[in-house]
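Visitor: Attaching a single structure in structure tokens format; questions to follow.
The values are calculated or read from the model by the stated rules, or taken from the named source; none is laboratory data. No experiment lies behind these values; they were computed from the predicted model shown. Cβ placement follows ideal geometry from the backbone for every residue including glycine, while neighbour counts extend to all protein chains displayed.
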Amino acid sequence: MKYLHRSIPAFLLFQVLGVAPALSAELQLPREGWVSWQVPAVDNAPAWCCWDDSRGRDGSPKACQLERSEGFGIGSRDKTTDAVKVYARLNGGKVDRLQALSAGCPVETKTPIQELGEVSSDDSARWFITQAKQAGGESTQYHGESVLAALALHRGNLALDALGQFSRDPRVETRKWSVFWLSMVRGNEGADITSKVMFGDPEAEVRKHAAFSLSQTKSPRAATDLIRQGNTDKVGDVRAQAWFWLAQTGAADAEKAIGIALRKDADEEVREQAIFALSQLPGDRAVNALIEVAQDQSLAREQRKRAVFWLSQSESDAAQAFLEKVLARNDR
């Protein structure tokens, strides 16, 4: 038998279940089974849920199957929530499944869910901080993404400061997930912390992940930081990836910055990846930038050929017209 659970107002929930809100700093969780509680969400928190996409862009929420690793998100709906529901399943006192969703998202489980009601954001955040600290070795899926994603959704400075600390954690995966969710959920404050990781973390893998995370946001500092990383990071692969993500952002000065790197970076691989990055610019900008490279006689022949190759992958009329001219010249 499946149990369908939909969020209802807290005061009704307390009357139905005969329980009071959990107010203590330490959450009292059962040793077995599903438990749930609700917390205030950070401003503009994404309304995570599962969606019935059979109805297209405006599909309605559908019940998330908590026992399954089911995809969830907000799709193109750009919806937000002011409250988050946490769902945890315990086995012998240890959490083996965890999910945070919009308070209005319906869920289904094979066993009943024990409700704790509304919990203060800080009390819940302390529980999540403990869970993250107790993870052994490199973070597991549950202790990595799920815990830090849920923590990021919690309103208040306690959660934000903890994520900032986890962005400096000895565990590489913990640092990577921290900066990702800081960027995705915590606005400009999260972007500021992610920026520090981009330029200060000792691991190239983490600096690359921080750049990717920042590139997925609307932060006003994203393009500036990606250009800085592309120009200054000591590892060529990090610089190359910075140019790729810069192009993906569509920033107005991307062509100029990538073009300078193409002509000045000492690493041949970075120069080659810079041409590929130009191919990732939006619309006609990619074609125009690649044509400029292909026509630049100051560049190495192999670089110009690489630009022609990426032009050949485009379906743009302008790209095809340029290639026709190149072929016509070679036929003479």
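Visitor: What single numbered condition from (1) in contact with a Lys or Arg (Cβ under 6 Å, 6 or more places away or on another chain); (2) modelled with pLDDT under 95 fails to hold for Val238?
Guide: Tallying (1) in contact with a Lys or Arg (Cβ under 6 Å, 6 or more places away or on another chain); (2) modelled with pLDDT under 95, Val238 fails exactly one: (2).
Visitor: If you scan the range 180-225, which residues turn out to be over 16 Å from the mean Cα position of the chain (by Cα), buried (at least 20 other Cβ atoms within 10 Å of the Cβ) and in a helix (DSSP H, G or I)? Give the steps one after another, and end with the answer.
Guide: Of the range 180-225, the ones over 16 Å from the mean Cα position of the chain (by Cα) are 196, 199-204, 220-221, 223-225.
In the following step, the residues that additionally are buried (at least 20 other Cβ atoms within 10 Å of the Cβ) were identified as 201, 223, 225.
Selection gives Ala223, Asp225.
Visitor: Just to be sure before I move on: is Leu153 touching a strand residue (DSSP E or B) at 6+ places or on another chain (Cβ under 8 Å), modelled with pLDDT of 95 or more and assigned by TED's automatic domain parsing to the domain that holds Gln134 in the structure I sent?
Guide: Working: touching a strand residue (DSSP E or B) at 6+ places or on another chain (Cβ under 8 Å): yes; modelled with pLDDT of 95 or more: yes; assigned by TED's automatic domain parsing to the domain that holds Gln134: yes.
Yes, satisfied.
Visitor: Sticking with this one: Using beta carbons and a limit of 6 Å, which pairs, at least six apart or on different chains, have the first residue in the range 19-35 and of a type in the set (Gly, Ala, Ser) and the second one surrounded by 10 or more Cβ atoms within 10 Å (Cβ to Cβ) and at pLDDT 85 or above?
Guide: Once the first residue is of a type in the set (Gly, Ala, Ser) and sits in the range 19-35, its partners that are surrounded by 10 or more Cβ atoms within 10 Å (Cβ to Cβ) and at pLDDT 85 or above give Ala22/Leu116; Ala22/Val119; Ala25/Asp123; Gly33/Thr111.
Here's the yes/no breakdown for (1) touching a helix residue (DSSP H, G or I) at 6+ places or on another chain (Cβ under 6 Å); (2) under 25 Å from Trp127 (Cβ atoms); (3) free of Cβ contacts under 8 Å to residues at least 40 places away in the same chain:
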| site | (1), (2), (3) |
| --- | --- |
| Gln165 | no, yes, yes |
| Asp169 | yes, yes, yes |
| Ser195 | yes, no, yes |
| Val206 | yes, no, yes |
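Visitor: Hey, another quick one. Name, by its number, the condition in (1) in a helix (DSSP H, G or I); (2) crowded, with 22+ Cβ neighbours inside 10 Å that does not hold for Leu281.
Guide: Status for Leu281: all satisfied but (1).
Visitor: Any residue in the range 225-239 that is in the same structural domain as Asp265 (by TED's automatic domain parsing) and among the basic types (Lys, Arg) sitting within a Cβ distance under 6 Å of a residue that is modelled with pLDDT of 95 or more and part of a helix (DSSP H, G or I)? List the pairs, counting only those 6 or more apart or interchain.
Guide: Pairs found: Arg239/Gly230; Arg239/Val270.
Visitor: Only one of Gln38, Gln28, Gln15 is modelled with pLDDT of 65 or more and loosely packed, with under 15 Cβ neighbours inside 10 Å. Can you tell me which? Give the derivation first.
Guide: Values: Gln38 fails: loosely packed, with under 15 Cβ neighbours inside 10 Å; Gln15 fails: modelled with pLDDT of 65 or more.
Result: Gln28 is the single residue among Gln38, Gln28, Gln15 that is modelled with pLDDT of 65 or more and loosely packed, with under 15 Cβ neighbours inside 10 Å.
Visitor: Before we move on, is Lys94 within 16 Å of Thr130 (Cα to Cα) and among the basic types (Lys, Arg)? Break it down into steps so the answer makes sense when it comes.
Guide: Numbers: within 16 Å of Thr130 (Cα to Cα): yes; among the basic types (Lys, Arg): yes.
Considered against the rule, which asks whether it is within 16 Å of Thr130 (Cα to Cα) and among the basic types (Lys, Arg), Lys94 comes out as yes.
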